[in-house]
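The values are calculated or read from the model by the stated rules, or taken from the named source; none is laboratory data. Since we're looking at a predicted model, the values are computed, not measured. Neighbour counts run over all protein chains shown; Cβ positions are idealised from the backbone, glycine included.
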Amino acid sequence: MKIEIEGVGKVFDARGRSVVALEDINLNIDDGEFVCLIGPSGCGKSTLLAMIAGLDFPTSGAIRAGGVPIKGPDSSRVLIFQDAALFPWLDVESNVAFGLRMKRMGRKERARTVERLLRMVHLEQFTRAWVHELSGGMKQRVAIARALAVEPAVLLLDEPFGALDAMTRDMLHGELQEVWQSTGKTFVFVTHNVREAVALGDRVLVMSPRPGRVVAEHRIDLPHPRRVEEERVIEIAQHVAEDLRLSHEESPPREQRRLHQ
């Protein structure tokens, strides 16, 4: 599903004072593309993701999904947070099946779907495990499987690996790329980690400090799967990091820079 963002701005009322979070965001995300958003804390990355999900709305401009204006949440666009937000009173299988139960899917089809998704995220041996028995990385795998269960066209990920250790994060990078390639869905991924963005994305979009704007774009023409320690990933990440540094010096940014790697 294609996402179109035209002239989007967001202003919050903070105790009677207007705070401009986002300003003049213009962006197209193609169907099946993996786009990473990176920028300093408070630049509006998560706010933009929430608006694509339909959980918040722009003050100005418009956002469309598949050519249709976004007016609220929809199962075609699912948001995954840093906290996996699983139901602790349900086991792994029941967490993944939750959305399917809401859709009144039959028991046999539901069981087949859950089995397929848990196999995709390499948790087929943990169907009966409780949430408290899972590691942080396993919880995020369950969250991804639960999101995929409702067959979204767009998966929105808000720093899903930010609280994980480096080894677990690296492993999940590979698994997430596998999921993206096997499903062909549109992924929009928010992160603070420059190498993570370069390892995962078709494009990396750099955002400025508040008010958030897209100030640089890097197209990552490297084959998947990628790893954060690859020489070319590190090299491109250095260019992205330089744009992050420049965005601080040029806040508010003078104009958008287009960079192609």
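Entry remark, the range 13-30: residues being surrounded by 13 or more Cβ atoms within 10 Å (Cβ to Cβ) and either free of Cβ contacts under 8 Å to residues at least 24 places away in the same chain or in contact with a helix residue (DSSP H, G or I) (Cβ under 9 Å, 6 or more places away or on another chain) (or both) number 5 in total. Scanning the range 150-159 for residues that are in contact with a Leu (Cβ under 9 Å, 6 or more places away or on another chain) and surrounded by fewer than 24 Cβ atoms within 10 Å (Cβ to Cβ) gives Val150, Leu155, Asp158. Would a scan of the range 172-183 turn up a residue that is assigned by TED's automatic domain parsing to the domain that holds His239, of a type outside the set (A, V, I, L, M, F, W, C) and touching a Pro at 6+ places or on another chain (Cβ under 7 Å)? Checking the range 172-183: not a single residue is assigned by TED's automatic domain parsing to the domain that holds His239, of a type outside the set (A, V, I, L, M, F, W, C) and touching a Pro at 6+ places or on another chain (Cβ under 7 Å). In the range 84-107, of all residues being assigned to a loop (DSSP other than H, G, I, E, B), in contact (Cβ under 8 Å) with a residue 24 or more places away in the chain and not small (Gly, Ala, Ser), the one that is surrounded by the most Cβ atoms within 10 Å (Cβ to Cβ) corresponds to Leu86.
If you check Ile63, Ile52 for being over 19 Å from Pro209 (Cα atoms), in a helix (DSSP H, G or I) and hydrophobic (A, V, I, L, M, F, W, C), only one passes: Ile52.
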